[in-house]
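Engineer: Pasting a structure below so you can have a look.
Computed from the coordinates by the stated procedures, all read-outs in this text should not be read as laboratory data. If you're wondering where the values come from, they're calculated on a predicted model, not measured in any experiment. Methodologically, a virtual Cβ is constructed for each residue, glycine included, from the backbone with ideal geometry; neighbour enumeration extends over all protein chains shown.
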Amino acid sequence: MKVSYHGHSVVKIETEGKTILIDPFINGNPLCDLKVEEQMPDAILLTHGHNDHFGDTIPIAKQSGALVVAPNELANYISWQGVNAHPMHIGGSRQFDFGKVKFTQAFHGSSYVTENNDIIYTGMPGGIMFMAEGLNIWHTGDTALFSDLKLLAERHPVDVLLIPIGDNFTMGPDDAAYAVSLIKPKIVVPIHYNTFDYIKVDPHYFASLVEDAEVQILKPGEYVKFR
Ligand code: NI
Ligand code: MN
């Protein structure tokens, strides 16, 4: 398995034969190294409806035929766009042909702003545990620090943790490092920082605070690889 980072919260997972994109915010993302027209994933997983996560989901799903897995209200909105969507919700898990997905809690908001500035309600925000090939990759989405991160990691030990450190909208470096001490993943990759002025932070400061995991600060296009 290969887990690559593409700026902001964009993560691509490549297993034996399947490609999964999480929160594919490509156009308008100054840190992203991907091109929308080159993406042919088997599945797109969305943590929540905010535009910096929903991103280019619709064109990518249309050109690739990817199944979009999202919180129920967001999945409904996506299915109205003529895209194949699978609704899930917090606490639920499901085995797909590309791997197992479990939605976890996130303390955040969730809505989508359309081109006409209509605000669509997109349900509760979440995090996503992706389990395949004996590994658990946890993309926590946008969230504050909360103690049940520990509970969830006890239930499902984490190999790679993707955690927001940008502050302002989510945990900052200090809270994120504390979250790592609760979760105890093997590897932690900081995400959701330096994309915009509001979330400018130093990932090396975050790394200096982490004692319980190997920190891998990935540049867009870099990856964690297993076997
Ligand atoms: Ni958000
Ligand atoms: Mn965000």
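Engineer: I want the local charge near Ser93. Using Cβ-Cβ distances under 11 Å, sum +1 for each Lys or Arg and -1 for each Asp or Glu among the other residues.
Structural biologist: Counting the neighbours of Ser93, the net charge comes to +4.
Engineer: Between region 168-198 and region 12-55, what is the separation of their alpha carbon centroids in Å?
Structural biologist: 20 Å
Engineer: Let me know the Rg and Dmax you get for region 81-154 when you use only its Cα atoms, in Å.
Structural biologist: Both quantities, over Cα of region 81-154: 14.2, 44 Å.
Engineer: Right, something else. Quickly work out the Asn76-to-Asp118 label distance, labels modelled 7 Å from Cα along the C-beta direction, and quote it in nm with one decimal.
Structural biologist: Each label point lies 7 Å from its Cα, and together they span 1.4 nm.
Engineer: In nm, to one decimal, how far is the Gln95 label point from the Tyr198 one, both placed 7 Å along Cα→Cβ?
Structural biologist: 4.1 nm
Engineer: Once you've got the GNM for the chain with C-alpha springs shorter than 10 Å, pick whichever of Pro41, Pro125, Pro71 has the biggest mean-square fluctuation.
Structural biologist: Pro41
Engineer: Normalise the Debye intensity by I(0) for region 1-124, one equal point scatterer per Cα, no solvent, then take log10 at q = 0.19 Å⁻¹ and round to two decimals.
Structural biologist: Each listed q maps to, in turn, -1.06.
Engineer: If you take every DSSP beta bridge whose two residues both sit in region 106-214, what share of them, in percent to the nearest 5, is antiparallel?
Structural biologist: In region 106-214, approximately 45 percent of DSSP beta bridges are antiparallel ones.
Engineer: Next up: Counting just the Cα atoms, what span does the chain cover along each of its three principal axes? Round to the nearest Å and put the largest first.
Structural biologist: 46, 37, 31
Engineer: Something else about it: What is the local net charge at Thr47, summed over the other residues whose Cβ is closer than 14 Å to its Cβ (Lys, Arg +1; Asp, Glu -1)?
Structural biologist: -3
Engineer: Would you tally the net charge around Ala213, using a Cβ to Cβ cut-off of less than 9 Å, leaving Ala213 out, and scoring K and R as +1, D and E as -1?
Structural biologist: -1
Engineer: Running a GNM on the chain with Cα contacts under 10 Å, which residue among Val158, Val113, Val210 ends up with the highest mean-square fluctuation?
Structural biologist: Top of the fluctuation ranking is Val113.
Engineer: Run the dipole for the chain about the Cα centre, Lys and Arg Cβ at +1, Asp and Glu Cβ at -1, nothing else charged, and hand back the magnitude in debye, nearest 20.
Structural biologist: The calculation lands at about 580 debye.
Engineer: Then there is this: With a point put 7 Å past each Cα toward its Cβ, work out how far Glu14 is from Phe146 in nm, to one decimal.
Structural biologist: The two pseudo-label positions are separated by 3.5 nm.
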